[in-house]
Amino acid sequence: MSYFSHETAVIDDGCQIGEGTKIWHFSHIMPNSIIGEKCNIGQNVVVSPGVKLGNNVKIQNNVSLYTGVICEDDVFLGPSMVFTNILNPRSAIVRRDQYVETLVKKGASIGANATVVCGNSIGEYALIGAGAVVTKDVPAYALLVGNPAKQIGWVSEYGHRLNFDETGKATCPESNEIYELKNGEVKKIIQ
């Protein structure tokens, strides 16, 4: 076995788990899910059938990833954050054939107790604040907070708030990488 799972974790047949991944207490990995390399899955996490996780995804305690969720590499999911996968759930009506996809792109972080309504995409390196409720697509590098979530700024790949000057340029205080804001989109300038 090229991954670690705590003795209380339940790993169903038919799932794929990458090398170096760690699965902690009371978590359940269901069939046909795909988990990349070097992921860390905290305690009491459910990964439902068909969920896809890239490499180095970090999932904190008490998160349920329902069918339809796809997380690219380097995604961070904070404690007790929530994904949905049906827009109009009803207990008495079976809608298993109507799951709606949610895509979390490379490097994005979703804070503790945030909710992501299905059918929305979270852009690369976006940062969703704790308790936010995401009801629409989120641009790359966007910083969102509140209910419903509203964009209040932009962040670097290191998660620092970017302050753009009059030329539309900003520098990350940790990495010294330069970003450009143009036509409502942020891009890192490769030097």
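Nothing in this text is a laboratory measurement; each read-out follows from the coordinates by a stated rule. These numbers come from a predicted model, not from an experiment. Glycine gets a Cβ as well: all are built from the backbone with ideal geometry, and neighbour counts include every protein chain shown.
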*Among Gln98, Gln43, Gln16, whose mean-square fluctuation peaks in a Gaussian network model of the chain (Cα, cutoff 10 Å)?*
Gln98
*Please state the relative contact order of the range 1-72 as a whole percent: Cα pairs under 8 Å, 6+ residues apart?*
25 percent
*Extension gain from Asp137 to Lys182, taking 0.36 nm per residue of separation minus the Cα-Cα distance*: 14.3 nm
*Percent RCO, i.e. relative contact order, over the range 1-136, from Cα pairs under 8 Å lying at least 6 residues apart*: 15 percent
*Top positive-direction residue, dipole computed over the range 68-115 with Cβ charges, set Ala112, Leu77, Gln98*: Gln98
*Calculated SAXS-style log₁₀ I(q)/I(0) at q = 0.12, 0.27 Å⁻¹ - the range 105-189, Debye, Cα scatterers*: -0.32, -1.31
*Violating pairs (Cα-Cα greater than 19 angstrom) within the set Lys52/Lys188; Lys52/Lys106; Lys38/Lys106; Lys22/Lys58; Lys38/Lys136*: Lys52/Lys188; Lys38/Lys136
*Over what distance in Å are the Cα centres of the range 38-76 and the range 4-27 separated?*
11 Å
*Give, in nm to one decimal, the length gained when the segment between Cys15 and Lys150 is fully stretched (0.36 nm per residue of separation minus the Cα-Cα distance).*
45.0 nm
*Relative to the present Cα-Cα distance, how much length would full extension add between Asn88 and Asn32 at 0.36 nm per residue of separation?*
17.7 nm
*With Rg and the Kirkwood Rh both taken from Cα atoms, where does Rg over Rh land for the range 1-61?*
0.90
*Mind listing which GluC sites (Glu not before Pro) in the range 1-91 are in a DSSP loop and have 12 or fewer other Cβ atoms within 10 Å?*
Glu7, Glu19
*DSSP-defined antiparallel bridges as percent of all bridges, the chain, nearest 5*: 25 percent
*Percentage, to the nearest whole number, of Cα pairs in the range 49-122 over 14 Å apart*: 58 percent
_Please state the shape class of the range 18-161: rounded when a/c is under 1.5, otherwise prolate if a/b exceeds b/c and oblate if not, all from the C-alpha gyration tensor._
oblate
